[in-house]
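Student: Quick one: structure below, then a few questions.
The values are calculated or read from the model by the stated rules, or taken from the named source; none is laboratory data. Predicted model, so just to flag it, every value in this text is computed and none were measured. Note that we place each Cβ from the backbone using ideal geometry, even for glycine, and neighbour counts take in every protein chain shown. Accessible surface areas use protein heavy atoms only, side chains included; no ligands, DNA or RNA. Shrake-Rupley method; radii C 1.70, N 1.55, O 1.52, S 1.80 Å.
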Amino acid sequence: MGTGRRRSRRDEILEIAVGLFAARGYHGVSMDDIGAAAGVTGPALYHHFAGKEAMLVAALIPVSEGLLAGGRERVAAHPADPRTALESLIDFHVDFALANPAVIALHLHELDRLPEEPRRQIRRLQRLYVEEWVAVLTALHPGLPAREGRVLAHAAFGLMNSTPFLGGEVDQARRARLLRTATLTALLADPGQ
């Protein structure tokens, strides 16, 4: 999570909570479970987080912000070359998915557990991220309506986000190459009429 600086105790607790949520489901984990896994007593845990909901929000909002910022950066770096922009987006997303499988699993399964306000905020960030992909796809395939570009973008996320469910029988670098190739091949195909 932190680059260069030492990770805070709060970051460590959050990472443990995310791992437990992803493994057992949000409802299968109590604050006591998180405290025990992190070696933190109840009062110390509540010093960092008001509860499980607060942990889920703290895990998912920065991830959504990071995806959007990274996606925008990659699209902006290739304004006149949608093919290269697409390859860059795919590299970025695959690397993210492989590095953060527990967070991807949370995104897929636990978003609806959030209170309305943070859920709306995350959905908005996600929509903006999707639109970065749609802009590249509609530039790459002239005549492709934006609504169909959204279908393709979500299909690509399905491919790339399948990583939390893969075992370790294929090493990570090879898995990344397979996912990149599969996603790029799918998105370069002529969508036709």
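Student: Please determine, by comparing only the residues of the stretch 23-43 that are open to solvent by less than 40 Å² (accessible area, probe 1.4 Å) and at pLDDT below 90, which one is farthest from L114 (Cα to Cα).
Tutor: Ranking the candidates gives G42 first.
Student: Can I ask one more? Testing L89 on (1) open to solvent by 50 Å² or more (accessible area, probe 1.4 Å); (2) in contact with a Phe, Trp or Tyr (Cβ under 8 Å, 6 or more places away or on another chain); (3) of a type outside the set (S, T, Y), one condition comes back false. Which one is that?
Tutor: Looking at each condition in turn, L89 falls short on (1).
Student: Hey, could you check the stretch 10-21 for residues that are open to solvent by 40 Å² or more (accessible area, probe 1.4 Å) and under 18 Å from P101 (Cα atoms) and say which is nearest to the chain's Cα centre (by Cα)?
Tutor: Of everything passing the filter in the stretch 10-21, E15 is nearest to the chain's Cα centre (by Cα).
Student: Output the number of the condition that R113 fails; it satisfies all remaining conditions of (1) over 14 Å from the mean Cα position of the chain (by Cα); (2) open to solvent by less than 60 Å² (accessible area, probe 1.4 Å).
Tutor: It fails just one condition, (2).
Student: Here is a further query. Within the stretch 174-193, how many residues are open to solvent by 60 Å² or more (accessible area, probe 1.4 Å) and modelled with pLDDT under 95?
Tutor: 5
Student: Kindly provide the set of residues from the stretch 116-138 that are buried (at least 19 other Cβ atoms within 10 Å of the Cβ) and either within 14 Å of P191 (Cα to Cα) or touching a Pro at 6+ places or on another chain (Cβ under 6 Å) (or both), ordered by number.
Tutor: Of everything in the stretch 116-138, those that are buried (at least 19 other Cβ atoms within 10 Å of the Cβ) and either within 14 Å of P191 (Cα to Cα) or touching a Pro at 6+ places or on another chain (Cβ under 6 Å) (or both) turn out to be V134, V136, L137.
Student: Output the qualifying pairs, or none if there are none: Cβ atoms under 8 angstrom, residues six or more apart or on different chains, first residue in the stretch 63-75 and more than 22 Å from L111 (Cβ to Cβ) and at pLDDT 95 or above, second residue open to solvent by less than 60 Å² (accessible area, probe 1.4 Å) and of a type in the set (S, T, Y).
Tutor: R74/S88; V75/S88
Student: Look at the stretch 77-94 and say how many of its residues are more than 14 Å from A156 (Cα to Cα) and not aliphatic (A, V, I, L, M).
Tutor: Result for the stretch 77-94: 6.
Student: Cβ-Cβ distance below 9 Å, separation of 6 or more or different chains: which pairs start in the stretch 19-47 with a residue that is in contact (Cβ under 8 Å) with a residue 60 or more places away in the chain and closer than 20 Å to L108 by Cα and end on one that is loosely packed, with under 14 Cβ neighbours inside 10 Å and not aromatic (F, W, Y)?
Tutor: Here the result reads F21/G28, each pair linking the stretch 19-47 to a residue that is loosely packed, with under 14 Cβ neighbours inside 10 Å and not aromatic (F, W, Y).
Student: To continue, here is another question. Filtering the stretch 149-173 down to residues that are farther than 18 Å from Y129 by Cβ and in a helix (DSSP H, G or I), which residue is least open to solvent (accessible area, probe 1.4 Å)?
Tutor: If we take residues in the stretch 149-173 being farther than 18 Å from Y129 by Cβ and in a helix (DSSP H, G or I), then P164 is least open to solvent (accessible area, probe 1.4 Å).
Student: While we're looking at this one, here's another question. Take the residues in the stretch 92-110 that are in contact (Cβ under 8 Å) with a residue 60 or more places away in the chain and open to solvent by 70 Å² or more (accessible area, probe 1.4 Å); name whichever of them is nearest to E73 (Cα to Cα).
Tutor: Checked the stretch 92-110; the qualifying residue nearest to E73 (Cα to Cα) is D95.
Student: Next question, about the same structure. Going through H93, H109 one at a time, which residue ends up being at pLDDT 90 or above and in a helix (DSSP H, G or I)?
Tutor: Exactly one residue qualifies, and that residue is H93.
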